[in-house]
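What follows is calculated from the coordinates using simple rules that are stated; it is not laboratory data. Everything numeric here is computed off the predicted structure, so don't read it as measured data. Here the Cβ positions follow ideal geometry from the backbone for every residue, glycine too, while neighbour counts run over all protein chains shown.
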Amino acid sequence: MKDVQIKIENIVASATLGKSIDLPTVAPALEGVEYNLEQFPGLVYKLKEPKTAALIFGSGKLVCTGAKSIEDSKKAVHIAVDKMRTKDPDIPTEFEIKIQNIVASANLKKTLNLEAVALGLENTEYEPEQFPGLVYRLPEPKVVLLLFGSGKVVCTGAKSFEDAQLGVEKTRERLKELDLL
């Protein structure tokens, strides 16, 4: 029953290198890096391929955002770390990369009456004066869906593509059960 197309819009991944990083030392290894401590407490390294941004902190933590696949997310972290290692050879080659958040979108291809959805579904927030979408929190998988009157859906909080897909599918099935789709 996977007939709703789901598209990954953004992946946020993090890595902990297990050692502090001297940012002024490694910054020159990263082409076009932004480093302004008054504005941001780390390095902002934008990669062209894959098109991502890596935020690098002195604590040895990295956050990579902007990837459209888990593979690209991990690739971007490895590219940044490998370049930093040219200036600091003590940066470990082994480290864990964790997927923190996957944002995906889908289209249910039918308009939704969000007021009826808010009344029918449990765990929703709908305040059209503040935000045009309805917020629907699923306990399993633990994801949050933003439902819009147009039938467009944004899923956030997923740790895997499968969770995003399952979240959208479960929501679609539930809306059909309640005769809201």
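Angle, helix 70-85 long axis vs. longest principal axis of the chain, Cα atoms, 0 to 90°, nearest 10?
20 degrees
Would you mind ranking 23, 17 by Cβ crowding within 10 Å, fewest neighbours first?
Ascending Cβ contact count within 10 Å gives the list 23, 17.
If amide H atoms are built 1.01 Å from N in the plane of the peptide, which residues on other chains or at least 5 residues away come under 5 Å of the amide H of residue 100?
Residues meeting the amide H criterion: 12, 13, 14.
Just to check, using Stokes-Einstein with a Kirkwood Rh over alpha carbon pairs, what's the diffusion coefficient of the chain at 10 °C and 1.306 mPa s in µm²/s? Numbers along the way, then the final one.
Working: Rh = 18.1 Å.
Calculated translational D: 88 µm²/s.
Rounded to the nearest 0.05, what FRET efficiency do residue 53 and residue 123 give with R0 = 30 Å and r taken as the Cβ-Cβ distance? Could you check?
Details: r = 32 Å, r/R0 = 1.08.
Given R0 = 30 Å and the Cβ-Cβ separation, E is 0.40.
Taking Cα atoms, how many degrees apart are the long axis of helix 161-177 and the longest axis of the chain, rounded to 10 and kept between 0 and 90?
Here the helix axis deviates by roughly 10 degrees.
Ranking 20, 150, 73, 14 by Cβ neighbours within 10 Å, fewest first, what do you get? The partial results should precede the final answer.
Values: 20 11, 150 14, 73 27, 14 18.
So the ranking, lowest neighbour count to highest, is 20, 150, 14, 73.
For the peptides 108-116, 63-71, what is the packing order when you average, over each peptide's residues, the other Cβ atoms within 10 Å and list the highest mean first? Don't skip to the answer; put the middle values down first.
On the way: 108-116: 14.3, 63-71: 18.1.
In decreasing order of mean packing, 108-116, 63-71 become 63-71, 108-116.
Holding the Cα-Cα limit at 22 Å, pick out from 74/159; 7/75; 51/109 the pairs that are longer than that. Could the numbers behind the result be given before it?
Details: 74/159 14 Å; 7/75 20 Å; 51/109 29 Å.
Going by Cα-Cα distance, 51/109 fall outside the 22 Å limit.
How much space per residue, in cubic angstrom, does the convex hull of the C-alpha atoms of segment 1-100 take up?
It is 104 Å³ per residue.
Can you give me the pair-distance distribution of segment 65-171, C-alpha pairs, 10 Å bins, whole percents?
For segment 65-171, the binned pair fractions read 14, 36, 23, 15, 10, 3 percent.
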